[in-house]
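The values are calculated or read from the model by the stated rules, or taken from the named source; none is laboratory data. The structure presented is a predicted model; accordingly, all values stated were derived computationally and were not measured. Neighbour counts run over all protein chains shown; Cβ positions are idealised from the backbone, glycine included. Note: areas computed on protein heavy atoms with side chains; ligands, DNA, RNA excluded. Shrake-Rupley method; radii C 1.70, N 1.55, O 1.52, S 1.80 Å.
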Amino acid sequence: MNISPGDRAELLGRARAVLDANWRGSFTVPALRQYPYQWSWDSAFIAVGYSRFDQHRAEEELRALFAAQWSDGRVPHIVFHEADAAAPYFPGPAFWQIERSPHAPASHHSTGIVQPPVHATAVLHTYRHAPDQPRALAYVSELFPKLCAWHDFLYRERDPHGEGLVYICHPWESGQDNSPLWDPVLTRMALRPEQIPPYQRADTRAVDPAERPLDADYDCYIFLVDFFRQRNYDEGRIYREGCPFLVQDVLFNTLLCRAEQDMAELAELIGADPEPFKARAARTASAIDAKLWDESRRLYVDYDLAARMPVPVPALAGFTPLFAGIPDAARAERMLAYLGSPAFGLSTGEERSGFPASSYDRFAPDYSPRRYWRGPVWIQMNWLLMHGLQAYGYDEHASALRSAIIDLPRVGDFREYFNPETGAGYGAEVFSWTAALLIDVLYGEQTV
Ligand code: GLC
């Protein structure tokens with residue numbers, strides 16, 4: 001990597017300052033102005049960064065998140081620890097009304113939906129890099145049952161046909177909130193005005209509306225939250241009573257598969273039986289490979305369970321099964337022919353221009369280098385694909401992603417997402433996982 005020791009030290013210092021600014025004493029907000037609470041998968045990536053230099057914070061981060069775990073095992077996508085957060089946020093606790101569910105904790109305010117399950121992966125990472133190994137082992141023992149309950153919730157409540165694939169029921173559950181992946185589903189919902197509860201957006205106060213979702217999409221997001229709260233967050237009712245958004249998502253299932261593989265390792269560390277985790281991971285891997293692979297498009301695509309049809313959208317997430325070792329070598333080679341092309345800015349050699357990897361095919365008619373999830377580069381997606389490509393031996397492509405993780409904050413600052421053509425930073429400022437994953441790669445190891 002072409003970075004001098006001086007530049008490396010300076011960059012590490014700036015990245016740590018971002019995390020310091022967002023640390024609230026027991027957890028880290030993604031960004032103070034735009035996201036002033038604790039987000040589930042952000043905290044997992046943030047813990048990955050802390051694990052390189054601060055074992056205490058790495059452990060506290062997920063401890064704080066799991067303190068708000070529901071009694072049915074769900075880990076909420078946002079925990080509203082501080083009711084008096086600096087910025088106004090919508091939808092906040094008064095809109096979610098999680099007290100309607102008998103499973104919601106009395107001790108915490110939170111949302112009632114989830115985000116991708118990267119937590120076991122982060123706990124394993126924390127253990128591996130911990131200077132104080134006995135304490136790290138105690139931490140693994142403490143988190144292990146909570147992680148089991150979390151994964152059990154997903155397989156129990158979100159896999160109605162016992163396929164080994166779980167569904168998400170809101171775009172926010174995907175972590176890729178405004179991806180074109182959801183367009184076919186949201187369009188099909190065709191909401192009438194009277195179906196949408198009154199509300200006022202807060203997300204466009206701190207960030208340019210041109211970088212945020214459209215109002216019509218936001219109406220669908222709010223309709224769905226209302227649908228869930230009316231059913232008291234009862235997963236069985238939400239499924240049976242016609243939730244219009246039920247998607248078996250590639251990224252979510254891939255991360256669950258990888259998390260189960262990592263649970264097997266955590267189990268071995270504490271003397272528990274790893275076999276059930278290995279079996280569940282293998283089942284999910286086969287289901288992803290059998291049901292979500294799109295041979296003609298050369299990537300994995302989501303499946304819309306409500307409409308019973310695939311969602312053939314060329315999103316970068318369609319390559320993430322590399323992170324869980326799901327495709328065989330021949331399939332991976334086929335994926336690379338597309339992933340390593342100018343479509344995602346990850347071609348090697350002469351053809352390369354700009355910064356990999358765009359979150360959406362650059363030649364798609366509705367590609368945008370600027371709008372949230374419709375083209376910009378996201379650091380955590382690069383990090384997942386970097387590890388995936390590395391494991392398959394595609395060193396040159398992995399290294400291009402690693403360089404982008406390091407270069408983008410230098411060009412575009414510690415922003416939430418970046419223009420794949422120019423490197424300009426967009427979205428929230430002083431953004432935590434951009435800093436955390438940069439720290440992780442600067443510490444150099446290529447294994448998770
Ligand atoms: C945005 C992202 C989501 C993230 C959240 C907080 O909503 O799409 O993945 O968790 O911001 O950073």
Problem - So Ser141, is it part of a loop (DSSP other than H, G, I, E, B) and of a type in the set (Ser, Thr, Tyr) - result: no
Handout entry: Lone qualifier among Val123, Val114 - being of a type in the set (Val, Ile, Thr), under 21 Å from Gln380 (Cα atoms) and in contact with a Ser or Thr (Cβ under 8 Å, 6 or more places away or on another chain)
Key = Val114
Handout entry: Members of the range 176-200 found to be outside any loop (DSSP other than H, G, I, E, B) and more than 16 Å from the ligand (Cβ to nearest atom), listed by number
Key = Pro184, Val185, Thr187, Arg188, Met189, Pro193, Glu194, Gln195
Practice task
Check Ala329, Ala267, Ala315 and return the single one that is at pLDDT 95 or above, more than 22 Å from the chain's Cα centre (by Cα) and open to solvent by less than 20 Å² (accessible area, probe 1.4 Å).
Solution key: Ala267
Completion exercise
Taking the range 414-434 and keeping residues charged (D, E, K, R) and within 16 Å of the ligand (Cβ to nearest atom) leaves Arg415, Glu416, Glu429
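For (1) without any contact (Cβ under 8 Å) to a residue 24 or more places away in the chain; (2) among the hydrophobic types (A, V, I, L, M, F, W, C); (3) within 14 Å of the ligand (Cβ to nearest atom), each residue gets a yes or a no:
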position: Ala21; (1), (2), (3): no, yes, no
position: Ile46; (1), (2), (3): no, yes, yes
position: Ile98; (1), (2), (3): no, yes, no
position: His103; (1), (2), (3): no, no, no
position: Val114; (1), (2), (3): no, yes, yes
Fill in the blank from the handout: His387: passes all of (1) more than 12 Å from the ligand (Cβ to nearest atom); (2) under 16 Å from Ala343 (Cα atoms); (3) touching a helix residue (DSSP H, G or I) at 6+ places or on another chain (Cβ under 9 Å) but (2)
Practice task
Keeping to the range 104-137, report how many residues are open to solvent by 10 Å² or more (accessible area, probe 1.4 Å), of a type outside the set (A, V, I, L, M, F, W, C) and within 22 Å of Ile222 (Cα to Cα).
Solution key: 2
Fill in the blank from the handout: By my count, helices (runs of 4 or more DSSP H) wholly in the range 210-292 with at least 1 residues that are in contact with a strand residue (DSSP E or B) (Cβ under 7 Å, 6 or more places away or on another chain) and over 18 Å from Leu384 (Cβ atoms) are 275-291
Problem - Qualifying residue in the range 391-409 (condition: open to solvent by 10 Å² or more (accessible area, probe 1.4 Å), free of Cβ contacts under 8 Å to residues at least 24 places away in the same chain and either closer than 20 Å to Asp42 by Cβ or of a type outside the set (S, T, N, Q) (or both)) - result: yes
